[in-house]
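Student: Quick one: structure below, then a few questions.
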Amino acid sequence: MRIAVPAETDPTEARVAATPETVKKLLGLGAEVVVESGAGIKSAIRDADYAAAGATIAPDAASAIAGADIILRVRRPSGAELSAAKPGAAVIAIMDPYGHVDALEELASTGVDAFAVELLPRITRAQAMDVLSSQANLAGYRAVIDAAAEYGRAVPMMMTAAGTVPAAKVFVMGVGVAGLQAIATARRLGAIVTATDVRPATEEQVESLGAKFIAVEDEEFKQAETAGGYAKEMSAEYQDKQKALTAAHIAKQDIVITTALIPGRPAPVLITEAMVASMLPGSVIVDLAVERGGNCVLSKPGETVITDNGVKIIGHLNVAGRLAATASALYAKNLLAFVEILVDKANKALAINWNDEIVKATLLTKDGALVHPNFQKSA
Ligand code: NAD
């Protein structure tokens with residue numbers, strides 16, 4: 001069994017899908033591991049570190065991939081990048097499938113079995129593989145660090161001989177995995193933190209982190225959580241009430257971190273132009289939902305917008321990738337846990353149980369076809 005780790009081809013992607021630690025564990029499964037030269041360098045991992053862990057270093061992607069049974073990537077490879085892959089190879093990555101059916105069909109045409117790890121069911125058995133959680137947690141942390149770096153004032157309260165510096169007020173909108181880590185990080189920096197969400201379960205979580213919870217707690221709010229633990233798209237009426245409640249609050253905030261998402265839908269708009277206009281100069285908004293349309297109407301993907309009234313709106317892409325070494329370490333562990341369920345440890349071979357609910361939820365392509373029910377062209 002051969003496992004390949006090609007380098008990422010998107011120049012903005014600094015993460016890598018295996019680390020020396022996971023290479024050792026993959027070898028322990030009876031695999032031979034081949035890493036493309038330079039694959040880890042942006043995550044501070046040298047070829048020599050992989051080699052010391054027992055990997056073979058290949059000079060290019062094609063030679064890394066050739067003959068591989070499993071190909072580990074961070075992002076979806078193109079069909080051309082898989083031209084050297086053997087049919088039936090398992091390609092495991094964050095496939096970004098929504099809205100990209102053509103790219104998925106191109107992937108299918110290569111004959112690989114492509115798995116989208118972001119589609120993992122959020123069940124206990126899959127927790128160690130949960131890439132959404134591992135990366136969102138880091139994004140939540142980094143959002144606060146980025147905001148603090150852009151904020152022209154200190155975050156904690158400081159009592160000095162030269163005067164007292166007030167603590168910054170931080171408002172976190174959306175309290176999933178990223179939002180909870182944003183709250184915890186802002187609290188560690190000494191900010192006064194408030195937070196909002198539409199799922200009732202978040203109230204206790206916010207309070208347990210020492211922050212204050214703010215939300216429109218009507219009948220719709222009580223029903224806002226789906227069986228899968230995610231938020232529903234709220235009605236226009238609820239959204240108007242939410243905007244009325246948060247408008248006055250946002251005007252008094254120094255830093256706002258937005259993380260609100262709805263699976264398979266555009267991100268909800270939580271911050272309007274008028275709300276941004278109400279904020280003081282020097283305030284900072286970090287929009288972690290910018291890749292999905294944004295929670296703030298003025299955020300721009302990959303840009304920092306400075307408004308006429310001096311508010312900075314940060315729209316970094318791939319925020320977890322801004323902490324590439326840590327993000328790679330956790331992502332690689334997630335993929336290792338996923339690979340473990342695809343192999344037969346006794347026979348040291350790929351042995352996929354097509355009826356496993358984790359396999360069924362994540363499998364996009366097989367035998368030349370796009371097989372996932374959610375991504376059919378007619379769907
Ligand atoms: P997510 O990234 O889909 O959304 C982020 C947050 O935005 C969510 O808390 C959501 O409720 C909130 N949101 C959506 N619309 C909103 C609106 N209009 N206004 C304000 N907030 C809004 O969520 P996530 O981080 O993936 O977490 C979703 C849930 O899944 C959480 O309950 C989390 O604890 C749970 N979870 C479970 C597991 C597991 O059991 N294995 C793993 C990870 C997360």
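Student: So if R0 is 51 Å, what FRET efficiency would A161 and K86 give, r being the distance between their Cβ atoms, rounded to the nearest 0.05?
Tutor: On the way: r = 70 Å, r/R0 = 1.37.
Computed FRET efficiency for A161 and K86 comes out at 0.15.
Student: For region 110-263, just list the percent of Cα-Cα distances falling in each 10 Å bin from zero outward, please.
Tutor: 10, 35, 32, 16, 6, 1, 0
Student: Using the count of nearby Cβ atoms within 10 Å as a rough guide to exposure, how do V371, V16, V112 rank from fewest to most? Present the calculation step by step, with values, prior to reporting the outcome.
Tutor: Details: V371 18, V16 31, V112 26.
Starting with the residue having the fewest Cβ neighbours, the order is V371, V112, V16.
Student: According to a simple spin-label model (label point 7 Å from Cα along Cα-to-Cβ), what is the distance in nm between K222 and A274?
Tutor: For A274 paired with K222, the spin-label model returns 3.0 nm.
Student: Based only on Cα atoms, what Rg/Rh ratio does region 1-90 have, Rh being taken as Kirkwood's radius? Mind showing how you got there, number by number?
Tutor: Working: Rg = 11.8 Å, Rh = 12.7 Å.
Ratio value, two decimals: 0.93.
Student: Cut-off is 10 Å between beta-carbons; in what order do D356, D113 appear when sorted fewest neighbours first? Display every interim value, and only then the final one.
Tutor: Details: D356 14, D113 24.
Least crowded to most crowded, the residues run D356, D113.
Student: Could you work out the helix-only [θ] at 222 nm for the chain, with each DSSP H run of four or more residues adding -39,500 (n - 2.57) and the total divided by the number of residues, to the nearest 500 deg cm²/dmol? All intermediate terms of the calculation are to be shown ahead of the outcome.
Tutor: Details: 12 runs with 118 residues, N = 379.
Taking each H run of at least 4 residues, the total per residue is -9000 deg cm²/dmol.
Student: How far apart, in nm, are two points set 7 Å out from the Cα along the Cα-to-Cβ line at S78 and at A244?
Tutor: So the two model labels end up 5.1 nm from each other.
Student: Report D for the chain in µm² per second (integer): Stokes-Einstein, Kirkwood Rh on Cα pairs, 37 °C, 0.692 mPa s.
Tutor: Values: Rh = 22.0 Å.
Using the Kirkwood radius from Cα pairs, D works out to 149 µm²/s.
Student: Beyond 23 Å, how much of the Cα-Cα pair distribution for region 264-372 remains, as a whole percent? Show your work: numbers first, answer last.
Tutor: Numbers: 3218 of 5886 pairs.
Above the 23 Å cut-off, region 264-372 has 55 percent of its Cα pairs.
Student: About its Cα centre, how strong a charge dipole does the chain have in debye, to the nearest 20, once Lys and Arg get +1 and Asp and Glu get -1 at the Cβ?
Tutor: Values: 35 positive and 43 negative charges, 155 e Å.
In debye, rounded to 20, the chain gives about 740.
Student: Still on this model: Would you list, by chain and number, the lysines whose Cα falls below 24 Å from the Cα of K252, excluding same-chain residues fewer than 8 positions away?
Tutor: K169, K212, K241, K243, K300, K312
Student: Taking the beta-carbon count within 10 Å as an exposure proxy, list I262, I358 from fewest neighbours to most. Each step should come with its number before you reach the end.
Tutor: Values: I262 18, I358 21.
In order of increasing Cβ crowding within 10 Å: I262, I358.
Student: Using the Kirkwood radius over Cα pairs, work out the Stokes-Einstein diffusion coefficient for region 82-181 at 37 °C and 0.692 mPa s, in µm²/s as a whole number.
Tutor: Values: Rh = 17.4 Å.
Diffusion coefficient, whole number: 188 µm²/s.
Student: What residue among A66, A327, A162 shows peak mean-square fluctuation when the chain is described by a Gaussian network model with Cα springs under 10 Å?
Tutor: A162
Student: To the nearest 20 debye, what charge dipole does region 215-282 have about its Cα centre, counting +1 at the Cβ of each Lys and Arg and -1 at the Cβ of each Asp and Glu?
Tutor: Numbers: 6 positive and 10 negative charges, 36 e Å.
Roughly 180 debye for region 215-282.
Student: Taking the Cα centre of region 241-379 as the origin and placing charges on Cβ (Lys, Arg +1; Asp, Glu -1), which of G310, S283, G294 is farthest toward the positive end of the dipole?
Tutor: G294
Student: Give the distance, in whole Å, between the Cα centre of region 315-379 and the Cα centre of region 229-259.
Tutor: First find each Cα centre; the distance between them is then 33 Å.
Student: Kindly provide the GluC sites (Glu not before Pro) of region 138-218 that DSSP labels as loop, not H, G, I, E or B, and whose Cβ sees at most 15 other Cβ atoms within 10 Å.
Tutor: Working: sites: E150, E203, E204, E207, E217; in loops: E217.
Qualifying residues, ordered by number: E217.
Student: Of the chymotrypsin sites (Phe, Trp or Tyr not before Pro) in region 328-365, which ones lie in a loop per DSSP and count no more than 10 other C-beta atoms within 10 Å? Let's see the in-between values first.
Tutor: Details: sites: Y331, F338, W354; in loops: W354.
Filter output for region 328-365: W354.
Student: Considering only DSSP states other than H, G, I, E and B, which GluC sites (Glu not before Pro) in region 280-379 qualify as loop sites with at most 16 other Cβ atoms within 10 Å? Before the final figure, lay out the partial values.
Tutor: Numbers: sites: E291, E303, E340, E357; in loops: E303.
Answer in residue order: E303.
Student: For the chain, modelled as a GNM with alpha-carbon contacts under 10 angstrom, which of I352, I214, I94 fluctuates the most?
Tutor: Most flexible of the set in this elastic network: I352.
Student: Placing +1 at every Lys and Arg Cβ and -1 at every Asp and Glu Cβ, with all other atoms neutral, what dipole size does region 315-357 have around its Cα centre, in debye to the nearest 20? Don't jump to the answer; show the numbers that get you there.
Tutor: On the way: 4 positive and 4 negative charges, 54 e Å.
Charge dipole of region 315-357: 260 debye, to the nearest 20.
Bear in mind these aren't lab numbers, they're just calculated from the coordinates by the rules spelled out. Values in this document were obtained by computation on a predicted structure and should not be read as measured data. Heads up, the Cβs are rebuilt from the backbone with ideal geometry, glycines too, and the neighbour counts pull from every protein chain shown.
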